[in-house]
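The values are calculated or read from the model by the stated rules, or taken from the named source; none is laboratory data. Note that the structure is predicted; figures quoted are calculated from it, not measured. With ideal geometry, Cβ positions are generated from the backbone for all residues, glycine too; neighbour counts draw on all protein chains shown. For accessibility, only protein heavy atoms count, side chains too; no ligands or nucleic acids. Shrake-Rupley method; radii C 1.70, N 1.55, O 1.52, S 1.80 Å.
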Amino acid sequence: MSPMPSLAATDSCTEALSKSAMLNSPADVSGSMLVANRSAATGRDARNDGSEVATVYSTAPSGGSRRSRRILSSDDNDEELIDTTAALTLRSKKTLRIAKRRTKPKKTIARPVVASFLELPSELLQEVFSHLAVADIHRLARTSRDLRDFILENESSIARDIISLRYPILAKCFPLPVTFDKLPPEHHEALLSPAHQSRLLLSLKPYAQHVPPPSPRTICSCVSCTFAWINLAIVTDLAHWQTNLNTREPIPMIKRGEQPEWNVDLLAQTKRTLERTLTSPLVYATILERHLHTTSSTILRRSLFTKVRPVLPEHRPYFLSHSEVLTDAFLERKGRDDFEPPFHRDNYYNIEAYVPNRKWSKTEERWIYFAQGQHDRDLEWARARFEWEGREGYKEEMERMGKYLRGKLAR
């Protein structure tokens, strides 16, 4: 058991503390007294020379609060103080509102999620397709089965929008012939009569090398529908030979009375294309697109083969420039009339812009299109002539008229 500190040592310590109280602040004095009393109570001893016990008192540093003071001893083994005071729980109307707002379930707005291009509204899809070229529509149809089905279901509306936006003038100049199944039944007998079909073959004979004859039960065989078939066949054949015209390579010529095998295959291909045009509006739009490309490339090509200098736009047909080749709007300007279809492929070299079925009015300064409404008039004329040819005494009257005309010419 360690000996108690001597009275003399206690008195000396108290005297030293009283002297320091005069120099230090009251807080320091109270701290020193606390340290002295604690050290005396605990009885910590420090031996000096191993025989006499001396009590050592450590004085706390001056300044600071009471809580921050630390008792220092010769063997400082006290643990570091840790603040374990819990935070006060805040409770008010504002905190209750914030907590209620956080726990309140958020309202989810039902918005349509578009995961595919085809999930857009059909009106919006048709508006997008109407600004594409026909070749781009055909490429889109090859990308997926769903796109192909959508394009085939809405083919007529898509083609109508494209034609009205890009090829409105060419659609007036190259109307489609009326199919035979859309004709009134009372006109079938007149159009299928041998006399009418023989006259039809005579009108198709000059174009035998580059225009395939239509089937009698495929299209209407009136005059306007027959020439509509001829015009579409000519622009299809003209587009086929554009490579030769661009490279200045001669087009193969066919002798009279001959029909080589390559031309038979070409005529069969043209006929299949025209028959698809009667049932597929996109194929019809494709023909118009190819003819627009043929017309614009022909006009621009002629300006490149001049010997002196290129032809300026103001000297070209329809004043065509390179930035106006996407639509047929330039065809509304003044140009040359085209009444007669080319009878032979030799005429392809002289064609600049083949745009039939219209005439330039000098008084009104605009183009007049006369293809619309012609079909009904020709159909009534074919029926009236058939009824007139079928009546009694028609042959005798025609022979008597022929003798009269021959006698008048002989004079």
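Assuming a ≥ b ≥ c are the square roots of the Cα gyration tensor eigenvalues, decide whether the stretch 176-293 counts as rounded (a/c under 1.5), prolate (otherwise, with a/b larger than b/c) or oblate. Oblate, since a/c reaches 1.5 and b/c is not below a/b.
Distance between the modelled labels on Arg336 and Ser361, one decimal in nanometres: 2.4 nm (7 Å Cα→Cβ projection). Of the residues Ser215, Ser221, ranked by 1.4 Å probe accessible area with the largest first, the sequence reads Ser215, Ser221. Would the stretch 257-302 count as rounded, prolate or oblate if I go by the C-alpha gyration tensor, calling it rounded below 1.5 in a/c and otherwise prolate when a/b exceeds b/c, oblate otherwise? In terms of gyration-tensor shape, oblate.
Sorted by accessible area with a 1.4 angstrom probe, largest first, how do Glu123, Glu80, Glu324, Glu249 fall?
Final ranking, largest accessible area leading: Glu80, Glu123, Glu249, Glu324.
For Arg139, the accessible area of its heavy atoms, probed at 1.4 Å with every protein chain present, is near 130 square angstrom. Computed over the stretch 123-232, relative contact order equals 27 percent, with contacts defined as Cα pairs under 8 Å that lie 6+ residues apart. By a 1.4 Å probe calculation restricted to protein chains, Leu201 has an accessible surface near 110 Å², given to the nearest 10. Under a model in which nothing but the beta-carbon of Lys, Arg (+1) and Asp, Glu (-1) is charged, the stretch 176-375 shows a dipole of about 480 debye around its Cα centre. Approximating the spin labels as points 7 Å out from Cα along Cα→Cβ, the Leu88-to-Thr247 distance works out to 9.6 nm.
For the stretch 146-226, the Cβ-based charge dipole about the Cα centre amounts to some 480 debye (Lys, Arg positive; Asp, Glu negative; other atoms uncharged). Measuring with a 1.4 angstrom probe and ignoring ligands and nucleic acids, Ile98 comes out at about 60 Å² accessible.
Once R0 is set to 41 Å, what does the formula 1/(1 + (r/R0)^6) return for the Cβ-Cβ distance between Thr143 and Ala384, expressed as a FRET efficiency to the nearest 0.05? Here the calculated transfer efficiency is 0.20. For the pair Arg97 and Leu192, label points projected 7 Å from Cα toward Cβ lie 8.9 nm apart.
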